[in-house]
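Encoded as structure tokens, the structure appears first; notes follow it.
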There are 2 protein chains.
Amino acid sequence: MAELRYVHGYAPEELDRLVGSANTLAALLHGDTRYPPGARVLEAGCGVGAQTRHLYERCPGVDIVSIDLARPSLMRAKAALGDAVAFVQANLYALPFGERVFDHIFLCYVLEHLPDPLGALQHLRALLKPGGTISAIEGDHGSAFWHPETAAARAAWACLQQLQTQGGGDGHIGRRLHALFRASGAVDIQVKPLPVYCDPTLPDMMDGFADKTIVGMLKGIEAEVLARNMIARDLWHQGVQDLLDLAHGDEGSFMYTFFRATALYA
Amino acid sequence: MAELRYVHGYAPEELDRLVGSANTLAALLHGDTRYPPGARVLEAGCGVGAQTRHLYERCPGVDIVSIDLARPSLMRAKAALGDAVAFVQANLYALPFGERVFDHIFLCYVLEHLPDPLGALQHLRALLKPGGTISAIEGDHGSAFWHPETAAARAAWACLQQLQTQGGGDGHIGRRLHALFRASGAVDIQVKPLPVYCDPTLPDMMDGFADKTIVGMLKGIEAEVLARNMIARDLWHQGVQDLLDLAHGDEGSFMYTFFRATALYA
């Protein structure tokens, strides 16, 4: 089993961030999330259930099984969603299900954290009935740019991908989704960019995304980044402050692109 | 008058590139291009008329005046579109029109090349009737990322923005559109990202955009980049080749984001 080191950690404020961010982005990320009634859907890596709620609400009559490795996250998901979804503690690389039992599999922000995302897809596809699909929503930290763009903010932001790489993940996985799904043996693959653009005419996005999601991610890794001396302390704080100023000023903009891939297996 | 040094030049193959690229991107860029019949529209900086055709075809009954500084480009536009559009040779900063005569003004890939884009907007807005709009479509070269991403391709791509900056323009202007329009006194501004994503499931985009548009831009500046010693010759050629390999291989992806801003003036 590949050890999973989750770059964002499990602090309470981080778990709140995930739910808040999921709600800010729900319309964008889940615009295409539709499974027919009666379908059996596996959500692999549900965490605190931040996406599970949207999956459940958009797909009435669907039978959802959500798994995660982290027990505290699962408990929180269960507390929020009750018996609507079957929550199971399990390892993504060794799931306690038979082959060909699911119609569809859904992942959100999972592959980016795995040392072997291709191995995970190959394991998951064995659980699919013929004609089933795997859908993955992932970000790409290299897609982010903003105005005004300061060297400090650039340096702080670069720490996220660096830390994620050190942990065996890849924060730039969005651009690799097509290649990964192709290597996993999918016969039909569709990848769609999901751009998030914020400027002062969109104050909810500036607050919910630029501040709470993007700066939120930086705050979540701050202790580890500084403990590892990945960046000078002053430069880090300046970079974070520059992004906060942008998020709450009159002239800034922030852009980030997620990707949604849907792959069909014969 | 600010001197305009057009980074892409006026070679015949470059003018062909502009028309080909406009056709590849027409559905994406002009999805929102709608002016009501009878409206008087100024296209500022029409070049060879690559966008003019789409403007004309999408807005029947609209009275279009298209201006450009470069006579050879205008001649080509006139040859392609005939009398459907009034083509006028003129300087963007000193237009031969009275104040408050246009309902709408349209610009595409123009502000990025200007040493004083704010001054241009301020000059243009004076030509608008009250309640008129200025729409601008611009790219942002800093939005580009791809897989596989080689250091050579990154270095070659960076030359484009560097050359554009040396010429007084800003290839990263997309992210600044909101701030520019705000400074120009617009009362309502909407900026929308227009992402272009290419992978091998989209061979027309890989060829029409990644190869013919993106690598096409690099080929267009090659002589000048090498003459200025902005990059080692081998590294340049390797970077261009890496992007071509990506565009015609089985595993690559390429992502670029344009922006469309529409601003209303009281």
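Key figures
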| item | result |
| --- | --- |
| Long-range neighbours under 7 Å by Cβ, at least six apart or interchain, first residue modelled with pLDDT of 80 or more within segment B:1-12, second assigned to a loop (DSSP other than H, G, I, E, B) and not aliphatic (A, V, I, L, M) | B:V7/B:G167; B:V7/B:G169 |
| Flag for A:T52 being open to solvent by less than 50 Å² (accessible area, probe 1.4 Å) and modelled with pLDDT under 85 | no |
| Any pair with Cβ under 8 angstrom, 6 or more apart, that starts in segment A:83-103 at a residue that is of a type in the set (F, W, Y) and ends at one that is assigned to a loop (DSSP other than H, G, I, E, B) | A:F87/A:C46; A:F87/A:G49; A:Y93/A:M1; A:Y93/A:A2; A:Y93/A:D116; A:F97/A:L127; A:F102/A:L127 |
| Out of B:Y109, B:Y197, sole residue that is hydroxyl-bearing (S, T, Y) and at positive phi | B:Y109 |
| Qualifying positions in segment B:77-93 - open to solvent by 20 Å² or more (accessible area, probe 1.4 Å) and farther than 24 Å from B:H30 by Cα | B:Q89, B:N91, B:Y93 |
| The lone exception for A:I137 - which of (1) over 28 Å from B:L194 (Cα atoms); (2) in contact with a Cys (Cβ under 6 Å, 6 or more places away or on another chain) it fails | (1) |
| Any hit, segment B:242-260, residues being farther than 30 Å from A:A261 by Cα, part of a helix (DSSP H, G or I) and open to solvent by 60 Å² or more (accessible area, probe 1.4 Å) | no |
| Selected residue (criterion: most open to solvent (accessible area, probe 1.4 Å)) from residues of segment A:195-209 that are at the interface with chain B (Cβ under 9 Å from one of its Cβ atoms) and in contact with a strand residue (DSSP E or B) (Cβ under 7 Å, 6 or more places away or on another chain) | A:T201 |
| Segment B:171-185, residues that are assigned to a loop (DSSP other than H, G, I, E, B), at negative phi and open to solvent by 30 Å² or more (accessible area, probe 1.4 Å) | B:H172 |
| Out of A:K192, A:K212, sole residue that is of a type in the set (D, E, K, R) and either touching a Gly at 6+ places or on another chain (Cβ under 8 Å) or more than 14 Å from chain B (Cβ to nearest Cβ) (or both) | A:K212 |
| Every pair of residues 6+ apart whose Cβ atoms lie under 8 Å, when the first sits in segment A:200-221 and is more than 15 Å from A:A153 (Cβ to Cβ) and assigned to a helix (DSSP H, G or I) while the second is of a type in the set (S, T, Y) and modelled with pLDDT of 95 or more | A:M205/A:Y197; A:F209/A:Y256 |
| Single residue of segment A:137-161 satisfying the filter (away from every other protein chain (no Cβ under 14 Å) and buried (at least 17 other Cβ atoms within 10 Å of the Cβ)) that is nearest to A:V187 (Cα to Cα) | A:I137 |
| Per-region count, segment B:233-266, residues away from chain A (no Cβ under 14 Å) and under 30 Å from B:G185 (Cα atoms) | 2 |
| Positions within segment B:19-34 being closer than 27 Å to B:D116 by Cα, open to solvent by less than 50 Å² (accessible area, probe 1.4 Å) and modelled with pLDDT under 85, in sequence order | B:T33 |
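Residue by residue, here is whether (1) open to solvent by 10 Å² or more (accessible area, probe 1.4 Å); (2) modelled with pLDDT under 95; (3) under 17 Å from A:A183 (Cβ atoms) holds:
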{"residue": "A:L95", "(1), (2), (3)": "yes, yes, no"}
{"residue": "A:I105", "(1), (2), (3)": "no, no, yes"}
{"residue": "A:L111", "(1), (2), (3)": "no, no, yes"}
{"residue": "A:P117", "(1), (2), (3)": "yes, no, yes"}
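The values are calculated or read from the model by the stated rules, or taken from the named source; none is laboratory data. For clarity, every value in this text was computed on a predicted model and none was experimentally measured. Note that each Cβ is placed from the backbone with ideal geometry, even for glycine, and that neighbours are counted across all protein chains shown. Just the protein is used for accessible areas: all its heavy atoms, side chains included, with ligands, DNA and RNA removed. Shrake-Rupley method; radii C 1.70, N 1.55, O 1.52, S 1.80 Å.
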